[in-house]
Amino acid sequence: MTQAELERVYEAMAVAIDNVGPDQGEVFLAKLALALAEDLGRTERVLEVIAECRSGLERRD
């Protein structure tokens, strides 16, 4: 995927999050992640990506 394509995806995600509102943003992202994981169809790779995305993020309590 090119940088321009990634930017298109990011923009579409940002617009969708704005459209569903702050109360539903996390639900939307969870549904999106599950749909993309299903589309990818590779459980181990999905788990690797989850770990990669979590890296560097601190837990907020």
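Working carefully through the options E48, E38, E52, find the one that is surrounded by 11 or more Cβ atoms within 10 Å (Cβ to Cβ), within 16 Å of the chain's Cα centre (by Cα) and acidic (D, E).
E48
Consider T2 against the criteria (1) open to solvent by 100 Å² or more (accessible area, probe 1.4 Å); (2) of a type outside the set (G, A, S); (3) more than 13 Å from the chain's Cα centre (by Cα): it satisfies all of them except one. Which criterion is unmet?
All conditions pass for T2, except number (1).
The values are calculated or read from the model by the stated rules, or taken from the named source; none is laboratory data. All values derive from a computational prediction rather than experimental measurement. Please note: Cβ atoms are built from the backbone with ideal geometry, for glycine as well, and neighbour counts cover all protein chains shown. When the accessible area is computed, the model is the full protein with side chains, heavy atoms only, and any ligands, DNA or RNA have been set aside. Shrake-Rupley method; radii C 1.70, N 1.55, O 1.52, S 1.80 Å.
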